1. Restricting attention to the stretch 97-115, which residues are of a type in the set (G, A, S), loosely packed, with under 15 Cβ neighbours inside 10 Å and assigned to a helix (DSSP H, G or I)?
2. Does E70 satisfy the criteria of being within 18 Å of the chain's Cα centre (by Cα), under 26 Å from F109 (Cβ atoms) and modelled with pLDDT of 90 or more?
3. Would you say I63 is touching a Leu at 6+ places or on another chain (Cβ under 6 Å) and without any contact (Cβ under 8 Å) to a residue 60 or more places away in the chain?
4. Out of the residues in the stretch 34-64 that are open to solvent by 100 Å² or more (accessible area, probe 1.4 Å) and closer than 23 Å to T75 by Cβ, which is modelled with the lowest pLDDT?
5. Can you name the residue in the stretch 76-96 that is within 25 Å of S38 (Cα to Cα) and open to solvent by 60 Å² or more (accessible area, probe 1.4 Å) and, of all such residues, is nearest to the chain's Cα centre (by Cα)?
Amino acid sequence: MAAVAAGNGAFREEEGTGGDAAAPQPHAPTIAPGARLSRLPLARVKALVKADPDVTLAGQEAIFILARAELFVETIAKDAYCCAQQGKRKTLQRRDLDNAIEAVDEFAFLEGTLD
């Protein structure tokens, strides 16, 4: 069996004549139909954006990105809180964010931004 990229970015296995059986390849994460991508409904985010007098137009993509940003902030805050708990503290400090950024590969793009 060999892992082959499908058109949707996921991997599927195919029979092959490669001799040794290949180790299973990791599958790309998939989102179940109906799964929430944000805790806030998009209509609520759109209403909040429209409430700002400086905003004249807001595209659906911008509303979606703002809703997803909520999940990003939640994730990095939870990881930073774990770093604070390791230091036996309940209050987040800048060094907790720095430690979370260094510890989690997903946040590698943020390294050096808090200097």
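1. Selection gives A103, A108.
2. In short, no.
3. Yes; evaluated as a whole, the condition is true for this residue.
4. R36
5. Selected residue: K78.
The values are calculated or read from the model by the stated rules, or taken from the named source; none is laboratory data. None of these values were measured; they are calculated from a predicted model. Here the Cβ is made from the backbone with ideal geometry for all residues, glycine too, and neighbour counts use every protein chain on show. Surface areas here come from the heavy atoms of the whole protein model, side chains and all, with no ligands, DNA or RNA. Shrake-Rupley method; radii C 1.70, N 1.55, O 1.52, S 1.80 Å.
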